[in-house]
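Before any comments, here is the structure.
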């Protein structure tokens, strides 16, 4: 049985190792996902309630981290990193982390989440192309990979350029 809970500082070493393992063989990985997570934890907009781990039989097997972004004066979230150990991928752990993260974000009053991700994976969690809602991203990526999920009705009125933490912005953008 998968359990999801808030990450603690005691989890950092396990999260580092699982993130490294999760992205080691992934063609779309930058190779610095572990350092990104560590840097995001130090940001002013970091919300510990939105950094979650998944456990399976007492072992940390998954992690998700959201970072605060802004769209104009509006605070929003970016789904930063989702990591699942390779030997348990395909068991719904990533999806459970995403859903739990969205629920935690709603409790904190966030109305939307943005991400740059695989257009064949994230729509199953309610993410849609951001451009169709007037939400723009400041870097080059295929439009179908720039996505938004509205966590409540207020989010649907937000438009503008999303300003991401530098750790989540590709160099040169």
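Set the Förster radius R0 to 25 Å, insert the Cβ-Cβ distance between residue 99 and residue 120 as r into 1/(1 + (r/R0)^6), and round the FRET efficiency to 0.05.
After rounding to 0.05, the efficiency reads 0.85.
Please give the contour-minus-distance gain from residue 108 to residue 141: 0.36 nm per residue of separation, less the Cα-Cα distance, rounded to one decimal in nm.
So the extension gain works out to 9.0 nm.
Taking the simple approach of a point 7 Å from Cα along Cα-to-Cβ for both residue 56 and residue 128, what is their distance in nm?
3.3 nm
Looking at the range 78-173, I'd like the Rg to Rh ratio, where Rg is from alpha-carbon atoms and Rh is Kirkwood's inverse mean 1/r.
0.96
I need 47, 118 ordered by Cβ neighbour count within 10 Å, fewest first.
118, 47
Listing 99, 24 from the residue with the fewest other Cβ atoms within 10 Å to the one with the most, what is the order?
24, 99
Let me have the 222 nm mean residue ellipticity of the chain computed from DSSP H runs of 4+ only, each contributing -39500 (n - 2.57), with the sum over all residues rounded to the nearest 500.
My calculation for the chain gives -6500 deg cm²/dmol from helical runs alone.
For a quick check, take a GNM of the chain with Cα springs below 10 Å and name the residue from 113, 83, 70 with the largest mean-square fluctuation.
Result for the chain, Cα springs under 10 Å: 70 fluctuates most.
Figure the gain on full extension for residue 39 and residue 17 (residue separation times 0.36 nm, minus the Cα-Cα span) and round it to one decimal in nm.
Result for the pair: 6.3 nm of gain on full extension.
Compute the helix-to-body angle for 93-107: its Cα long axis versus the longest principal axis of the chain, expressed 0 to 90° and rounded to tens.
50 degrees
Return the distance in nm (one decimal) between the two label points of a simple spin-label model at residue 91 and residue 8, each offset 7 Å from Cα along Cα→Cβ.
2.2 nm
How large is the translational diffusion coefficient of the chain in µm² per second when you combine the Kirkwood radius over alpha carbon pairs with Stokes-Einstein at 20 °C and 1.002 mPa s?
132 µm²/s
Just rank 150, 66, fewest to most, by other beta-carbon atoms within 10 angstrom.
In order of increasing Cβ crowding within 10 Å: 150, 66.
Can you give the angle from 0 to 90° between the axis of helix 12-24 and the longest principal axis of the chain, with both taken from C-alpha atoms, to the nearest 10?
Here the helix axis deviates by roughly 80 degrees.
Taken together, the values in this text are just the output of simple stated rules run on the coordinates, not laboratory data. Values in this document were obtained by computation on a predicted structure and should not be read as measured data. Reconstructed Cβ throughout: ideal geometry from the backbone, glycine too, with neighbour counts over all protein chains shown.
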